[in-house]
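The values are calculated or read from the model by the stated rules, or taken from the named source; none is laboratory data. The structure presented is a predicted model; accordingly, all values stated were derived computationally and were not measured. A quick note on method: Cβ atoms are made from the backbone with ideal geometry, for glycine too, and the neighbour counts reach across all protein chains shown.
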Amino acid sequence: MKPELNREYPALDDPGVFERMVALTTHQMQMVNGQLRRGQHAKPTGSVTAEFRVSDDVPVGLRYGIFASPGKTFAAIVRFSNSQNTFEKDSVGTARGLAIKLLDVAGTRAIQGDGDTTQDFLMVDHPVFPFPNPTAYVETIGRTQVPLVGKVLAGVHLALRERDELAIIKDIRAKHVTSPLGVRYWSASPFWLGPASGNDGHAVKYSAIPRQVATAVPPDEDKDTSPDFLTQALIDGLRSQSALFDFTVQLQTDAEKMPVEDVSTEWSEELSRPLVVASLRIAPQQVDPSGRFAEDCERLSFNPWHALAEHRPLGGMNRLRKVVYQASIDKRRDTNAARPVTHGVP
């Protein structure tokens, strides 16, 4: 099958794979301090308030959804995190997350009748995911769950059969992040950017590029360093100055070299240069990881399907996330009944 530009292929989905991933994700969710935590990105680095401003010069062909009004500013909540489902020390190599929730966003929803009024963008500090599609992802996660030998079993399989996937995992783990404010983040998976209905639009990927450079000294993993040094870097970085990210859109220009259904393939910036369409400004503020705001933000749900139809997620991995994220949200809500998860602001 020769792929076409700006198109996804839901017929590739295997419902059994989706069901298995829901079961694996909800099974590994953990209780921490009396609350059931997220199935992924469980450990927060910190949550902050921000402003998301649409650029004045957004190209006419990209003026859909939140980009339809150049110069418009949205209030936002931003959550930085580590990608694992466990609360490991920050020195443990893993992907770092940036989740942006725009508030008071009106329009047709990606999921009809969801009742939400936010637009979420979820990103990590690597341009691709290790696994190309849901089947490959579930196979590896499933192996890690084998009692006693799961991680070894998964590692051996990757080393012998899936070396490209293993190479991406190693690249992610080898990154030395010193501050969440000084690294670039990518959506990794593709999204629609176009009219709420019809085919006259684009498959795109998003990125957030920092204008500030991280200057903190990386921790020495051989010493007893703070397990939460990234949180401290966030506190220090926003104590007296702003942090600013350029928010970019990269258009799919080659359906084979820039696939929608394979999220382990990087979209070349030589084939398609990212275009700045907005900025994310985090003003100086007191970041209190144990305060009320942080507590409230941990009750929020960040989900790529909390979106306008003009920004709906594309591809198999996002279709998998649709059911997995909702299952995680539902389980947290039901378990933490006294302090339920919400889709909006607290």
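Checking the stated criteria, Y206 turns out to be within 27 Å of D120 (Cβ to Cβ) and part of a strand (DSSP E or B).
Look through T49, T73 and report the one residue that is touching an Asp or Glu at 6+ places or on another chain (Cβ under 7 Å), among the β-branched types (V, I, T) and over 25 Å from Y137 (Cβ atoms).
Numbers: T49 fails: touching an Asp or Glu at 6+ places or on another chain (Cβ under 7 Å).
Exactly one of T49, T73 is touching an Asp or Glu at 6+ places or on another chain (Cβ under 7 Å), among the β-branched types (V, I, T) and over 25 Å from Y137 (Cβ atoms), namely T73.
Out of A50, A11, A23, A68, one residue alone is crowded, with 21+ Cβ neighbours inside 10 Å and either closer than 25 Å to R281 by Cβ or of a type in the set (A, V, I, L, M, F, W, C) (or both). It is A50.
For the range 213-224, the criterion of being in a loop (DSSP other than H, G, I, E, B), surrounded by fewer than 19 Cβ atoms within 10 Å (Cβ to Cβ), at pLDDT below 95 and touching a Gly at 6+ places or on another chain (Cβ under 7 Å) is met by at least one residue.
Looking only at residues in the range 168-183 that are farther than 12 Å from H126 by Cβ and of a type in the set (G, A, S), the one that is surrounded by the fewest Cβ atoms within 10 Å (Cβ to Cβ) is G182.
How about the range 110-126: which of its residues are closer than 24 Å to M21 by Cβ and crowded, with 19+ Cβ neighbours inside 10 Å? Passing the criteria: A110, D116, D120, F121, L122, M123, V124, D125, H126.
Take the residues of the range 34-58 that are touching a helix residue (DSSP H, G or I) at 6+ places or on another chain (Cβ under 9 Å), assigned to a loop (DSSP other than H, G, I, E, B) and not small (G, A, S): which is farthest from Q252 (Cα to Cα)?
R37
When K43 is tested against (1) touching a residue at least 60 places away in the same chain (Cβ under 8 Å); (2) closer than 30 Å to D164 by Cβ; (3) of a type in the set (K, R), just one condition goes unmet, and that condition is (1). Among residues of the range 110-141 being under 19 Å from the mean Cα position of the chain (by Cα) and charged (D, E, K, R), the one that is farthest from H41 (Cα to Cα) is D116.
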